[in-house]
Amino acid sequence: MAHWEIVLFFFVIASVYSSVGFGGGSSYLAILALYDLPFKEIRLVALVCNIIVVTSGVVIFIIHKQLDWKKIIPLVLVSVPLAFLGARIKLSEHTFFIVLGCTLLVAAILLWLKTNPGIKDDSDKQTSFFMSGFLGGSIGFLSGMVGIGGGIFLSPLLNLLKWDTAKKIAVASSVFILVNSVSGIFGQISQLPANIHRIQLLVLIIAVFAGGQIGSRLLVTSLDPFIIRRITAVLVFFAGVEVLAKHL
């Protein structure tokens, strides 16, 4: 059975992260890294929880007609196969946690950077197909290797590029996380341990589903994404420091 403090952490993380279009995979990994779970299993748990959180969010966004497929498809077209390839790379436990810790610190910096809240809804600004493919592919590869969805990198970078409004960037990040998490799981299948803690995984799925429902509805309404991004940056920074302190 899962430690109940982990269940609570996962519920809160899902609530906060889904409100800005994230799945929370980076923080799930950081929390699980503090417990004695098998190294290869924690990446599976993080990706499955990612999928649970963002799937419900994407459904809500479809209902509210907030998906711009013409701009989203170039981001995910290259990221999906590269996330699969990244997940196929075999890392030692020590190397994995060092890469994870560094990844979290970089993500925290990107999230903290102050950018304009987004472009206007009536703007026709377009990002080139090549730029979108390069950006999505690079993040997808790193995401597959580490075991996160990649939205925590994609969202602040798209804000810096003024890719679209803040809310549409959050929606695109949810789709990006969903497809990359699925691809990452397929890439990890051959490396998964035989004795997965299924009951623990089920309990955590229920926790993040409940939290994700709350956060996704806050995103659809009027929650300020900038404030949540700053809160997320602080959480991710301390998580990265904790992981590095434990494994350096």
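Derivation of every value follows stated rules applied to the coordinates shown; laboratory data play no part. This is a predicted model, so every value here is computed, not measured. Note that we place each Cβ from the backbone using ideal geometry, even for glycine, and neighbour counts take in every protein chain shown.
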Q. LEU201 to PHE130: extension gain in nm, 0.36 nm per residue of separation minus the Cα-Cα distance?
A. 21.7 nm
Q. Taking amide hydrogens as modeled 1.01 Å from N in the peptide plane, which residues meet the under 5 Å criterion relative to THR165, leaving out close sequence neighbours?
A. ILE119
Q. So what is the 222 nm mean residue ellipticity for the chain from helices alone, if each DSSP H run of at least 4 adds -39500 (n - 2.57) and you divide by all residues, rounding to the nearest 500 deg cm²/dmol?
A. -25500 deg cm²/dmol
Q | Helix axis angle, 166-188 relative to the chain longest principal axis, alpha carbon, degrees | A | 40 degrees
Q) If the chain between LEU248 and LEU34 were fully stretched, how many nm would it gain, using 0.36 nm times the residue separation less the Cα-Cα distance? A) 75.7 nm
Q) For segment 35-63, list residues with backbone N below 12 Å from a point placed 7 Å from the Cα of GLN191 toward its Cβ? A) 39-44
Q. Between LEU160 and PHE209, what length comes free when the chain is fully extended (0.36 nm per residue of separation minus the Cα-Cα distance, one decimal in nm)?
A. 14.6 nm
Q) Where does the chain land on Rg/Rh, using Cα atoms and the Kirkwood Rh? A) 0.94
Q: Taking the Cβ of each residue in THR95, THR232, THR165 as the centre, tally the other Cβ atoms inside 10 Å and list the residues starting with the fewest.
A: THR95, THR165, THR232
Q. So for ASP164, ASP68, fewest C-beta neighbours within 10 Å to most, what's the order?
A. ASP68, ASP164
Q: Starting from the Cα gyration tensor of segment 133-190, take the square roots of the eigenvalues, sort them a ≥ b ≥ c, and report rounded, prolate or oblate (rounded when a/c is under 1.5, otherwise prolate if a/b is larger than b/c, else oblate).
A: prolate
Q | FRET efficiency, 1/(1 + (r/R0)^6) with R0 30 Å, evaluated for HIS64 and VAL234 via beta carbons | A | 0.55
**Q.** Ranked VAL20, VAL203, VAL80, criterion: other C-beta atoms within 10 Å, fewest first
**A.** VAL203, VAL80, VAL20
Q | Label point 7 Å beyond Cα of LYS90 along Cβ direction - residues of segment 28-72 with amide nitrogen under 19 Å | A | 38-44
Q | Listed pairs LYS70/LYS162; LYS40/LYS246; LYS70/LYS90; LYS167/LYS246; LYS162/LYS246; LYS71/LYS167 exceeding 25 Å between Cα atoms | A | LYS70/LYS90; LYS167/LYS246; LYS162/LYS246
